[in-house]
Amino acid sequence: MEWNRSETLALAKHNCAHCHGAGLRFSRKGAVAPCNCVLRTIFRICWDRFVRCVTQERHLSRVSVEPHVGRARPATWGRKDEEYIADFEIIARRTLDDFEHRLFRYHFLLGASWKLCAKKLEIDRGNFFHAVYRIEQKLGRAFRETEPYPLFPLDEYFHGPSRIGPPRMPPKSETFIRPAALEFPVPVGKTA
Ligand SMILES: [Zn+2]
């Protein structure tokens, strides 16, 4: 995917000292990258949804029909909330290094305060918050850039197009012209 202004503008902090609300940063070589304020916003949105999914009553998690475009399977049934919880945790495990993942688990998943985390991980307050920022930025990027099904935007994740794959096109042999072998022979004495 390519980051562009129309995507980042609504997610950027308007008073961000780095991007001034545009949500993009440009390197000297002209490369475009999302600003950290955008990545943290994406993380926060995904995190809020994760908390909602794990704290809601089990019976509220709905089974939903997931439509598919292809001919092979018209639709499947799925529990989107449970899928989302699993995807969220898998991406976090894949994206963070060991130290970051421990902090993520203690602070975000188990709800430990910064003091408890700092003691357990033997770091000071400053390092704790630096690490939290780094985790939010790394995961915000991963939630958006994961292919082929990013967690963000949430709308597309929960209500978007098929997750099974692109529409199935008929193979060439299935289509169109009747093979020569199936032509009916012209009866003797008659013209076609
Ligand atoms: Zn910014």
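The values are calculated or read from the model by the stated rules, or taken from the named source; none is laboratory data. Keep in mind that what you see is a predicted model, and the values were worked out from it rather than measured. Neighbour counts run over all protein chains shown; Cβ positions are idealised from the backbone, glycine included. To get the accessible areas, we keep the full protein, side chains included, count just its heavy atoms, and leave off ligands, DNA and RNA. Shrake-Rupley method; radii C 1.70, N 1.55, O 1.52, S 1.80 Å.
Anything in segment 96-116 that is hydrophobic (A, V, I, L, M, F, W, C) and either under 18 Å from ILE85 (Cα atoms) or surrounded by fewer than 20 Cβ atoms within 10 Å (Cβ to Cβ) (or both)? List them, or say none.
LEU96, PHE99, PHE104, PHE108, LEU109, LEU110, ALA112, TRP114, LEU116
Determine whether ARG141 is open to solvent by 90 Å² or more (accessible area, probe 1.4 Å), part of a helix (DSSP H, G or I) and modelled with pLDDT of 95 or more.
no
Starting from segment 21-33, take each residue that is within 15 Å of ARG5 (Cβ to Cβ) and list its partners that are more than 16 Å from the ligand (Cβ to nearest atom) and not basic (Lys, Arg), counting only C-beta distances under 8 angstrom and pairs at least six apart or across chains.
Partner pairs satisfying both residue conditions: VAL32/GLU2.
Quick one: which strands (runs of 3 or more DSSP E) sit completely within segment 1-87 and have at least 1 residues that are more than 16 Å from the ligand (Cβ to nearest atom) and either over 18 Å from the mean Cα position of the chain (by Cα) or at pLDDT below 95 (or both)?
Hits in segment 1-87: 63-67, 75-79.
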